[in-house]
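As structure tokens, the structure follows; a few thoughts come after it.
Bear in mind these aren't lab numbers, they're just calculated from the coordinates by the rules spelled out. It should be emphasised that the depicted structure is a prediction, and the values quoted were computed from it without experimental measurement. Using ideal geometry, Cβ is built from the backbone for each residue, glycine included, and neighbour counts are taken over all protein chains shown.
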Amino acid sequence: MSVAIMQPYFFPYLGYFQLVQSVDDFVFYDDVMFIKKGWINRNQILMQQHAFLFTIPLEKQSQNKSIRESSIAWGPEFPNKWLQQVQSAYKKAPHFLAVMELIESVLQKKPTSIADLAANSVMETWQYLNLEKRFHFSSELGVSKDLDRAERLMAITEKLGSKEYINAKNGQELYQKEYFSEQGFQLNFLNQSLVPYSQGSKQDFVPGLSMIDVLMWNSKEDVVSMLSTYSLI
């Protein structure tokens with residue numbers, strides 16, 4: 001059994017979903033501090049053949065709030081204007097209708113917290129792809145937030161009955177395999193692979209966009225295949 005722990009992002013890019021695919025249990029790290037101008041409430045879609053950055057508006061934000069405590073500012077800008085942008089950008093994509101139905105299903109619940117909206121975008125995409133996974137929220141696991149960063153990750157992993165933790169590749173700057181091993185844990189890093197695919201009339205592939213882009217242009221079967229193109233290091 002293996003565990004990955006990551007902040008919840010709204011319809012994150014393919015590499016995030018490859019991390020989900022790589023483990024048995026995936027934990028949304030929702031009780032850590034919200035970081036402004038990160039990817040929790042922002043992402044990119046392909047609009048007029050260029051990467052377009054969108055932002056989900058939040059109520060008055062503070063660096064002292066956790067992701068769980070960060071509230072969405074529902075209104076005319078979001079979701080209505082944003083949905084119009086997505087529709088305009090992808091109306092000619094082969095899987096437009098099915099993916100719009102998925103997006104609208106995620107939005108219709110209108111949760112208060114960005115943590116729930118972002119996590120739902122991942123979990124419902126997983127269901128859309130007819131895949132199964134055990135999902136958790138760190139805020140519900142009862143693991144102390146007073147632990148050091150690495151110690152808390154290990155404590156969450158152990159809480160789920162595992163000694164194998166998988167982190168994104170950039171985690172190599174923060175965590176050492178030797179240290180985890182000394183504590184009785186196996187640490188691996190996921191080396192993502194952003195497989196190029198046709199983006200309609202776009203000639204030069206634009207990687208790293210929201211999963212929305214991947215789903216719009218590719219069949220479920222092809223997307224599932226993309227999820228397994230990563231390697232562990």
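Observations
- Inter-label distance, nm, simple model (7 Å from Cα along the C-beta direction), residue 59/residue 130: 4.1
- Net charge in the neighbourhood of residue 116 (other residues with Cβ under 15 Å of its Cβ; Lys, Arg +1, Asp, Glu -1) is -2.
- Spatially, region 155-185 and region 83-113 are offset by 36 Å when compared through their Cα centroids.
- Seen from residue 217, the other residues with C-beta closer than 14 Å to its C-beta sum to a net charge of +1, counting Lys and Arg as +1 and Asp and Glu as -1.
- Once exposed loop GluC sites (Glu not before Pro) are cut out (DSSP; at most 15 other Cβ, 10 Å), longest piece of the chain: 133-233
- When each of 36/169; 65/159; 60/220 is checked by Cα-Cα distance, pairs over 29 Å: 60/220
- Mean separation of Cα contacts under 8 Å, 6 or more apart, over the residue count of the chain: relative contact order %: 29
- Once the Cα-Cα distance is subtracted from the 0.36 nm per residue extended length, the residue 87 to residue 158 segment shows a gain of 21.2 nm.
- With loop membership from DSSP and a limit of 10 other Cβ atoms within 10 Å, the longest segment of the chain without trypsin sites (Lys or Arg not before Pro) is 146-233.
- Simple spin-label estimate for residue 232 and residue 32 in nanometres, 7 Å along Cα-Cβ: 2.0
- If you take all other residues with their beta carbon under 15 Å from the beta carbon of residue 107, and give Lys and Arg +1 and Asp and Glu -1, the sum is -2.
- Beta bridges per DSSP with both ends in the chain, % antiparallel, nearest 5: 45
- Inter-probe distance in nm under a simple model that places probes 7 Å from Cα toward Cβ, at residue 224 and residue 77: 3.9
- Calculated mean residue ellipticity, 222 nm, the chain: -9500 deg cm²/dmol, from DSSP H runs (n ≥ 4) at -39500 (n - 2.57) each, averaged per residue and rounded to 500.
- Distance histogram for region 49-131 (every C-alpha pair counted, 10 angstrom bins, percent rounded to whole numbers): 16, 44, 33, 7, 0
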